[in-house]
Amino acid sequence: YTDERNVHRARAWFFQNRRRIMLYSERSHFYHRYRIRGIREVIFYSLPCYAHFYAEILNLLEGVDNASCSAIFTRFDNLELARIVGSSRSTRMLQSPNHTFMFC
């Protein structure tokens, strides 16, 4: 695991635009809940196991113009998706022929 000094340095570089991408894991969010500044786009490679993490991470985008969020999921992520958007909506999303969905 990364020590505190390196985490602080990486967060500072990200905020100063010296690094364009930051990998932030659900495990790190669970234990530390860092306030990461400079986020313009969030990409969930996998939906979080805890639904409130989704909202907490998106709240890091506060005050950013043209912020965006993308989430990649498959039919195997049905439980995580249902926790975020609700069971009836997740069923419709997974059965839909569309590949792109917009929701808040």
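The values are calculated or read from the model by the stated rules, or taken from the named source; none is laboratory data. In this text, all values refer to a predicted model and were calculated from it rather than measured experimentally. As a convention, Cβ positions derive from the backbone with ideal geometry for all residues, glycine included, and neighbour counts pool all protein chains shown. The accessibility values were calculated without ligands, DNA or RNA, using every heavy atom of the protein model including side chains. Shrake-Rupley method; radii C 1.70, N 1.55, O 1.52, S 1.80 Å.
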Cα pair count fraction exceeding 12 Å, expressed as % - the stretch 46-89: 63
Lys, Arg +1 and Asp, Glu -1 on Cβ, resulting dipole of the chain about Cα centre, debye, nearest 20: 260
Segment Arg27-Asp65, length gained on full extension (0.36 nm per residue, minus Cα span): 10.9 nm
Fraction in percent of alpha-carbon pairs per bin - 10 Å, the chain: 13, 43, 30, 13, 2
Selection from Ile21, Ala55, Phe44, by position along the positive dipole direction of the chain (Cβ): Ile21
Net lengthening on full extension, Ser88/His8 (0.36 nm per residue, minus Cα-Cα): 24.7 nm
Per residue value of the accessible surface for the chain (all protein chains in place, 1.4 Å probe), Å²: 79
Rounded percent of accessible protein surface that carbon and sulfur make up, the stretch 4-104, 1.4 Å probe: 52
Label point distance in nm, Arg75-Arg40, each placed 7 Å from Cα along Cα→Cβ: 3.8
Rounded accessible area of Asp65 (nearest 10 Å², 1.4 Å probe): 130
